[in-house]
Amino acid sequence: MNKDFISILDISEPELEQLLSEAHQLKRQKKAGTTHPLLAGKTLAMIFEKSSTRTHISFEVGMNELGGHALFLNARDMQIWRGEEIRDTARAASRYVSALMIRAYKHSTIEEFARFATIPVINGLSDMEHPCQLLADIMTMQEHFGSTRDLRVTWVGDGNNVCHSLILSTVLTGLEVTVSTPVGYEPVPEYVKKAQELGGKVTLIREPEKAVKDAEVIVTDTWVSMGDEDERDERLKLFGDYTVDADLMKLASPDARVLHCLPAHRGEEITDEVMEGGQSLVWDEAENRLHAQKALLVRLLKK
């Protein structure tokens with residue numbers, strides 16, 4: 001396994017299987033009230049440029065449950081916000097803590113931290129990828145479908161960072177992913193090309209009604225990501241036909257399930273009826289952020 005986890009493709013297919021096997025085990029242990037201080041004496045520094053709920057809670061609780069410590073760092077309170085170079089922050093932090101988790105506006109920020117840090121660097125979210133979310137999503141699909149091999153997944157909405165990570169994950173999981181977005185909001189072509197060249201199955205279909213046909217999993221996300229707030233009104237108009245509602249779900253497989261990484265804007269990208277309905281796996285998905293990231297931390301820090 002690589003020193004860092006910046007992209008879902010930083011791990012191999014066997015490493016992903018092993019990591020998620022450990023995640024399932026950690027989940028069972030937590031349910032049974034059994035914990036193990038696997039990371040006693042370890043400290044995770046968490047740097048947040050963007051606000052967070054699930055990433056913050058899951059990483060902090062995860063480190064605590066593993067016997068370690070998590071340190072919350074608001075980027076605005078750090079010297080990098082006043083102009084200190086990332087390489088200097090990365091080198092100094094490497095002398096203090098065991099790993100860095102960074103939630104950043106730019107993917108290049110996380111890459112630069114990894115270039116100069118001598119400790120593991122984890123991508124907690126960037127504008128281009130969200131690999132930790134995909135660990136939880138894949139884990140959730142394994143729980144409910146047994147295997148991800150040839151599982152038909154349709155992404156409906158904005159071709160954003162989570163969509164990019166889902167596309168790349170096809171290389172490791174055997175998922176068959178169809179992406180449906182409005183014109184101008186497709187995933188970055190390089191992500192689609194990279195996945196396809198490495199054997200991933202990715203298809204782009206404009207109309208959501210056609211894209212969800214026979215889908216076993218439908219995935220969506222907010223139409224207005226952090227940093228896109230100035231485009232909100234325009235996006236709401238363009239995305240109006242891409243709401244995951246009961247009518248759209250009827251066109252998918254009868255046993256289809258729904259994923260949403262949260263936060264959700266009910267009535268926009270997903271309706272309250274679907275979010276709270278029997279086909280929703282949203283809350284299992286949210287919980288699995290904790291277990292998948294615990295397994296990731298153990299893999300990175302117990303070498």
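The values are calculated or read from the model by the stated rules, or taken from the named source; none is laboratory data. It should be emphasised that the depicted structure is a prediction, and the values quoted were computed from it without experimental measurement. All Cβ positions, glycine included, derive from the backbone under ideal geometry; neighbour counts span all protein chains shown.
Computed values, structure above
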quantity	calculated
Scope the range 116-143; condition of a type outside the set (A, V, I, L, M) and closer than 21 Å to K50 by Cα; matching residues	P120, N123, G124, S126, D127, E129, H130, P131, C132, Q133
Residue ranges of helices (runs of 4 or more DSSP H) in the range 65-152 with at least 3 members modelled with pLDDT of 95 or more and closer than 19 Å to H291 by Cβ	131-145
Any hit, the range 86-104, residues being over 26 Å from G41 (Cα atoms), in the same structural domain as L296 (by TED's automatic domain parsing) and of a type in the set (K, R)	no
Enumeration of residues in the range 224-272 that are under 16 Å from the mean Cα position of the chain (by Cα), hydrophobic (A, V, I, L, M, F, W, C) and in a loop (DSSP other than H, G, I, E, B)	M226, C261, L262, A264
Criterion violated by H69 - all others in (1) farther than 28 Å from A264 by Cα; (2) touching a residue at least 40 places away in the same chain (Cβ under 8 Å); (3) touching a Ser or Thr at 6+ places or on another chain (Cβ under 6 Å) satisfied	(2)
Selection status of L281, assigned by TED's automatic domain parsing to the domain that holds V217 and within 20 Å of A215 (Cβ to Cβ)	yes
Qualifying residue in the range 173-191 (condition: of a type in the set (S, T, N, Q) and closer than 27 Å to L297 by Cα)	yes
Selection within the range 1-55 - over 22 Å from S165 (Cβ atoms) and in a helix (DSSP H, G or I)	Q25, R28, Q29, K30, K31
